[in-house]
1. From the residues in the stretch 183-205 that are at pLDDT below 95 and in a loop (DSSP other than H, G, I, E, B), which one is surrounded by the fewest Cβ atoms within 10 Å (Cβ to Cβ)?
2. Checking the conditions here, which among Arg91, Arg24 is crowded, with 16+ Cβ neighbours inside 10 Å and among the basic types (Lys, Arg)?
3. Please go through the stretch 109-147 and give me each residue that is among the β-branched types (Val, Ile, Thr) and either crowded, with 21+ Cβ neighbours inside 10 Å or touching an Asp or Glu at 6+ places or on another chain (Cβ under 7 Å) (or both), ordered by number.
4. Can you find a residue in the stretch 164-174 that is out of contact with any His (no Cβ under 6 Å at 6 or more places or on another chain), under 28 Å from Cys77 (Cα atoms) and touching a residue at least 24 places away in the same chain (Cβ under 8 Å)?
5. Which residues, taken from the stretch 153-182, are within 20 Å of the chain's Cα centre (by Cα), assigned to a helix (DSSP H, G or I) and surrounded by 15 or more Cβ atoms within 10 Å (Cβ to Cβ)?
6. Mind checking which strands (runs of 3 or more DSSP E) fall wholly inside the stretch 61-150 and carry at least 2 residues that are farther than 21 Å from Gln8 by Cα?
7. Is it true that His154 is farther than 20 Å from Arg91 by Cα, of a type outside the set (A, V, I, L, M), modelled with pLDDT of 95 or more and out of contact with any Pro (no Cβ under 8 Å at 6 or more places or on another chain)?
8. Taking only pairs six or more apart or across chains, which ones have beta-carbon atoms under 7 Å, a first residue in the stretch 25-37 that is on the phi > 0 side of the Ramachandran plot, and a second residue that is modelled with pLDDT of 95 or more?
Amino acid sequence: QDRYEVKQALGKGAYAQVYRATDRVSSQDVAIKVIHRSPKNFARDAEVQNLQTVHSQPPAAHVVPILDHFFDHNSVCIVMPLLRGGDLYSRVEPNGPGLSKSQARRWIRQLAEAIRSVHQVGLVHADIKPENCLIDSDDNLFLADFGLAVPENHRHMNAVPGTEAYMAPEMLLHNRSGVVMTQAADVFALGITWYAALFADLPWD
């Protein structure tokens, strides 16, 4: 869209890229997540709807806001505030001492508030991990990346998408009847994220 002037690429994942841009109307810097649509990841179009659902019943505490969205050729573009503090993963030094107990407690409490907002509207985020926890310039944490979120009790008939290191055991035990997604899976991932923040490692190899 002509409204946004792209300035810089910030990051790239398997299905999306994130850019820093300037909103020509407000003159504010924003982040634009460009999700590439294809038959393999068409379901990720739901990210816009998921974010709108979470924010439909305020207050959606510590969930990244959605400012705008639009479609560009074969991509869906989500405009969000530019959070300049990086993500939780980048704040934890690999093989280092981890965060202080007070800092880890503060951010995990904020993440728990975000998860509660997601659960209150009947969704499961399904990909809680440090990389999806963004930090703003005031050192507040916001949960992002709702591309895998599904309604509670959704049944995956194929392998459950997500990040295995943070998955609850029942999410990995796939069988012919599929795997039912419950909000307990997010709570399990919250615990693993807290451990990773404290010890800069996972509780298993």
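1. Filtering the stretch 183-205 for residues that are at pLDDT below 95 and in a loop (DSSP other than H, G, I, E, B), the one surrounded by the fewest Cβ atoms within 10 Å (Cβ to Cβ) comes out as Asp205.
2. Numbers: Arg24 fails: crowded, with 16+ Cβ neighbours inside 10 Å.
Residue meeting the stated conditions: Arg91.
3. Correct list: Ile115, Val118, Val124, Ile128, Ile135.
4. Looking for residues that are out of contact with any His (no Cβ under 6 Å at 6 or more places or on another chain), under 28 Å from Cys77 (Cα atoms) and touching a residue at least 24 places away in the same chain (Cβ under 8 Å), one finds at least one in the stretch 164-174, hence yes.
5. Tyr166, Met171
6. Fully inside the stretch 61-150 and qualifying: 141-143.
7. When the stated conditions are applied, His154 does not pass them.
8. Within 7 Å, no pair qualifies.
The values are calculated or read from the model by the stated rules, or taken from the named source; none is laboratory data. Remember, it's a predicted structure, so these values are computed and weren't measured experimentally. Methodologically, a virtual Cβ is constructed for each residue, glycine included, from the backbone with ideal geometry; neighbour enumeration extends over all protein chains shown.
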